[in-house]
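K.L.:
Okay, handing you the structure first.
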Amino acid sequence: MKFLTCLLMVLLFCCPCAVAGAADEVIGSVKNVSGQGFIVRAGNNVPATAGAHLYGQDILLTAEDGAIGVILRDDSTLSIGPNSRIELSEFAFDPAAGRMSFITRLTKGTAAYLSGLIAKLSPKSVRFETPLAIVGVRGTRFVVRVEGD
């Protein structure tokens, strides 16, 4: 029994792939903020500030005067315009284990995306979802706008 417990501890603490994608894993950071922007984490609104860490399942919100610039661990960049809401639904970046994924949901507003390593190494692993369409990214940059609430 002690052996199994020790083995489990080693796997959890020494193998990043064993816990990749965990909610407490930093997936990127806020590069800059203009006006009012917020990070919604576990139901709490936290003002977005330059250097703030982002985690899987975070939601980024901007007010009428707000904009947020983000850089993710794979060097993707994301710029969120005024009156926007975007969910960082899934992010995994462990090329050694073959685990790469970036899925986000833009439910309102605008976002500009410049692809990083995930889109270059595994293009089918990057997806932007909107209320009307899903955008598959094949190593590029684009801007998407969702109108309404």
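K.L.:
Please give every one of the aspartates and glutamates within straight-line cross-link reach of K120, meaning a C-alpha to C-alpha distance under 20 Å, and leave out same-chain neighbours fewer than 8 residues apart.
P.N.:
Within reach: D74, D75, E90, D94, E129.
K.L.:
Here's something else I'd like to know. With +1 on each Lys and Arg Cβ and -1 on each Asp and Glu Cβ, and nothing else charged, work out how big the dipole of region 71-113 is about its Cα centre, in Debye to the nearest 20.
P.N.:
Values: 5 positive and 5 negative charges, 43 e Å.
That gives region 71-113 a dipole magnitude of about 200 debye.
K.L.:
Cα atoms only, region 46-101: Rg and Dmax in Å?
P.N.:
When restricted to the Cα atoms of region 46-101, Rg and Dmax are 12.5, 41 Å.
K.L.:
Report the gain in length on full extension from H53 to N83: 0.36 nm times residue separation, minus Cα-Cα distance, nm rounded to one decimal.
P.N.:
Gain in length upon complete extension: 8.7 nm.
K.L.:
While we're looking at this one, here's another question. Could you work out how much longer the chain between L114 and E147 gets when fully extended? Use 0.36 nm per residue separation minus the Cα distance between them, nm to one decimal.
P.N.:
Details: separation 33, 0.36 × 33 = 11.88 nm, distance 2.13 nm.
Length gained, L114 through E147: 9.7 nm.
K.L.:
Sorted from largest to smallest, which semi-axis lengths in Å does the alpha carbon gyration tensor of region 67-147 give for its equivalent ellipsoid, taking the root of 5 times each eigenvalue? Intermediate values should be presented prior to the final figure.
P.N.:
On the way: eigenvalues 90, 31, 22 Å².
Semi-axis lengths for region 67-147 are 21, 12, 10 Å.
K.L.:
Using R₀ = 35 Å, calculate the FRET efficiency as 1/(1 + (r/R₀)^6) where r is the Cβ-Cβ separation of Q36 and A97; round to 0.05. Mind showing how you got there, number by number?
P.N.:
On the way: r = 38 Å, r/R0 = 1.10.
Once the sixth-power term is evaluated, E becomes 0.35.
K.L.:
Separate question: Subtracting the Cα-Cα distance from 0.36 nm times the residue separation, let me have the gained length for K124 to D24 in nm, one decimal. Each step should come with its number before you reach the end.
P.N.:
Values: separation 100, 0.36 × 100 = 36.00 nm, distance 2.50 nm.
Extending this stretch completely gives an extra 33.5 nm.
Values quoted throughout were computed directly from the atomic coordinates according to the rules given, and no laboratory measurement underlies them. Note that the structure is predicted; figures quoted are calculated from it, not measured. FYI the Cβ positions are ideal-geometry reconstructions off the backbone, even for glycines, and counts take in every protein chain you see.
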